[in-house]
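Heads up: the structure comes next, in structure tokens.
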Amino acid sequence: MQGMNRFATELTYESLPTALLKVLRKSFLDTMGVAAIGSTTEMSSVARKVAPILFGANGLSASRMLMDGRVVSPAGAAMAGAMTIDSVDAHDGTTPNKGHVGSAVFPGLLALADAQINEGSKITGAEFAAHLAVGYEVSCRAGQVQHATCPDYHTSGAWTAVGVAVACARMLGADAAQIRHAAGIGEYHGPRSQMMRCIDFPTMLRDGVGWGAPSGVTAAYLAMAGFTGAPALTCESDQADSYWVDLNSNWLTIDHTHYKAYPCCRWAHPAIDAASELMRENELVHQQIAEVEIRTFHYATRLAGHEPKTLDEFSYGIAFPVATMIVHNQIGPRELTPQMLNDPDILRVSRATKLIDDAELTARSVDKRWAAVTLLTTDGRRLEAPPRTPRGDNDLPLSNEEMSKKFHLFANEVIGESRSERLHDMALSFDSLSAHEFEELLGLCCGS
């Protein structure tokens, strides 16, 4: 744990690897694009309606909500921002953790940065990058420990609460002892929500970051005021030791951060890619598809989602997103509408889709998520795609052009092309911004 304390307090921007900065820039862009489209969802609207009621601003300690502009407390902005990002399942993730870092760390740190600037502090892009690096890396490691030591599969909110707490305490100027307590408070108060419950019964609860982010922000403020909470077992238990020994020499954030091509659970992505490829290579149209077979790992078969009634059910499905790709050849903002859930062509293909629990692919789906797709055509052909993993990992990266196209697809119609273009450019160079320029970037992220 002393290593984590030193890491969190002593890390400098100058020591950050170039590869890590590339990840953080890409994640900044990607997360803000998701925040933009997420702000149009009912889930985000509800969160931003409730935040001023429960988390009204207190004097100078005030933060603007992402893509909204209204002022609430830092915890309120973290909650609303995390729920906004989480409302569209298209943000970055980490495969070994079976979850997401940026959807909690970005809203938590942006909320605190906005509050700090409102209080008169100056924060440069380089300083924010160092805080962000701490939040990402601590979250990744705490999550791996939790998965290895807890019987339930907990949401990302459970372990990102630790990373947000540590990074926010650092931003507030905490010493090593205060950071230790912040980690313990964040871990203890973070939501130990069961991920498979929301997969089996999809609702707006999503990935738990809506409470993980504000829990982390709150933990930082409590630790600074003298509240105790150490130890964080994900950082200090005997079982945790092996997950922290190479801290600052091996960056899990670099190795394991992935990006999504589609706005739905990544467990569905290899099947979506395979179906799309089969349709294109065989010059098929959806009227020619009689049945679809998807062999995949056990957890993924529980996504099902043949006839989703809400966008939450769409996000935690495989059959309907795959059918959407077969029928529309894309899954973008136009497909993320309640009306699309009643599309008769998509429903026909979705109902004709069979999910097969494949033991071999389950065994292989540890560091990767595997699926294989077979299309049965109306003229009797059986077209098979071999097992594959999702695009977006280091070995199958989305290109810079794909990342930019995704951002503009999500952001342009929501915040306008001019603001979208400025946000795009500043996000991809955020760590080089002066304090004045970084304040402008915050305005692009938090303005209405």
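The antiparallel fraction among DSSP beta bridges confined to the stretch 266-388 stands at about 70%.
Positive contributions from Lys and Arg (+1) and negative ones from Asp and Glu (-1), summed over other residues with Cβ under 15 Å from the Cβ of Arg170, come out at -2. Taking the longest Cα principal axis of the chain as reference, the axis of helix 269-281 is set at about 40 degrees. Close amide H contacts of Ile356 (hydrogens built in the peptide plane, cut-off under 5 Å, sequence separation of 5 or more or a different chain): Ile294, Arg295, Thr296.
For Tyr243, Tyr13, what's the fewest-to-most ordering of other Cβ within 10 Å of each Cβ?
Details: Tyr243 21, Tyr13 16.
Final ranking by Cβ density, sparse to dense: Tyr13, Tyr243.
Shape call for the stretch 266-388 from the C-alpha gyration tensor, a ≥ b ≥ c root eigenvalues: rounded (a/c under 1.5), prolate (a/b greater than b/c) or oblate? Oblate, because a/c is 1.5 or more while a/b does not exceed b/c.
Length gained on full extension, Asp425 to Asp241: 62.3 nm, using 0.36 nm per residue less the C-alpha separation. Distance between the C-alpha centres of the stretch 339-392 and the stretch 3-34: 36 Å, rounded to the whole angstrom. Restricting the stretch 107-177 to trypsin sites (Lys or Arg not before Pro) that sit in a DSSP loop and have at most 14 other Cβ atoms within 10 Å of their own Cβ leaves Lys122. Count Lys and Arg as plus one, Asp and Glu as minus one, and take only other residues whose Cβ is under 15 Å from that of His131; the net charge is then -3. Electrostatic bookkeeping for Pro231 treats Lys and Arg as +1 and Asp and Glu as -1; over the other residues with beta carbon under 13 Å from its beta carbon, the sum is -3. Assuming R0 = 25 Å, can you tell me the calculated FRET efficiency for the pair Glu291 and Tyr153, based on Cβ-Cβ distance, to the nearest 0.05? Taking R0 as 25 Å, the efficiency between Glu291 and Tyr153 is 0.20. Among the listed values [x] 4, 18, 25, 22, 17, 10, 4, 1, 0, 0; [y] 4, 17, 24, 26, 18, 8, 3, 1, 0; [z] 5, 23, 33, 24, 12, 4, 0, 0, the one matching P(r) over Cα pairs in 10 Å bins from 0, in percent as calculated from this structure is [z].
At a Förster distance of 45 Å, what's the computed FRET efficiency of Arg381 paired with Ala359, Cβ-Cβ distance as r, to 0.05? Efficiency, rounded to the nearest 0.05: 0.95.
Note on Ser432/Arg6: beta-carbon distance plugged into 1/(1 + (r/R0)^6) with R0 of 30 Å gives a FRET efficiency of 0.70. Positive-end ranking of Val145, Phe128, Ala176 along the dipole of the stretch 112-201, with charges on Cβ about the Cα centre, is headed by Val145.
Subtracting the Cα-Cα distance of Ser404 and Asn248 from their residue separation scaled by 0.36 nm leaves 53.2 nm. For the stretch 105-120, the Karplus equation 6.51 cos²θ - 1.76 cosθ + 1.60, evaluated at θ = phi - 60°, returns couplings of 5, 4, x, x, 6, 5, 5, 5, 4, 4, 5, 5, 5, 4, 8, x Hz by residue, with Gly and Pro reported as x. Applying 0.36 nm per residue to the separation of His298 and Glu281 and subtracting their alpha-carbon distance, the gain on full extension is 3.3 nm.
In terms of other Cβ atoms within 10 Å, Ser249, Ser139, Ser215 run from fewest to most in the order Ser249, Ser215, Ser139. Model label points for Lys22 and Leu54, set 7 angstrom from Cα along the Cα-to-Cβ axis, are 4.0 nm apart.
Could you tell me which residue out of Ile346, Ala271, Leu361 lies farthest along the dipole of the stretch 266-388 toward its positive end? Charges go on the beta carbon: Lys and Arg +1, Asp and Glu -1, centred on the Cα centre. Of Ile346, Ala271, Leu361, it is Leu361.
Over 26 Å between Cα atoms, which of Lys22/Lys368; Lys26/Lys122; Lys122/Lys405; Lys22/Lys406; Lys49/Lys368 qualify?
The pairs that break the limit, which is 26 Å between Cα atoms, are Lys122/Lys405; Lys49/Lys368.
Every number here is computed from the coordinates shown, using simple stated rules; none is lab data. Not measured: the values here are computed from a predicted model. Cβ atoms come from the backbone with ideal geometry, glycine included; neighbour counts cover every protein chain shown.
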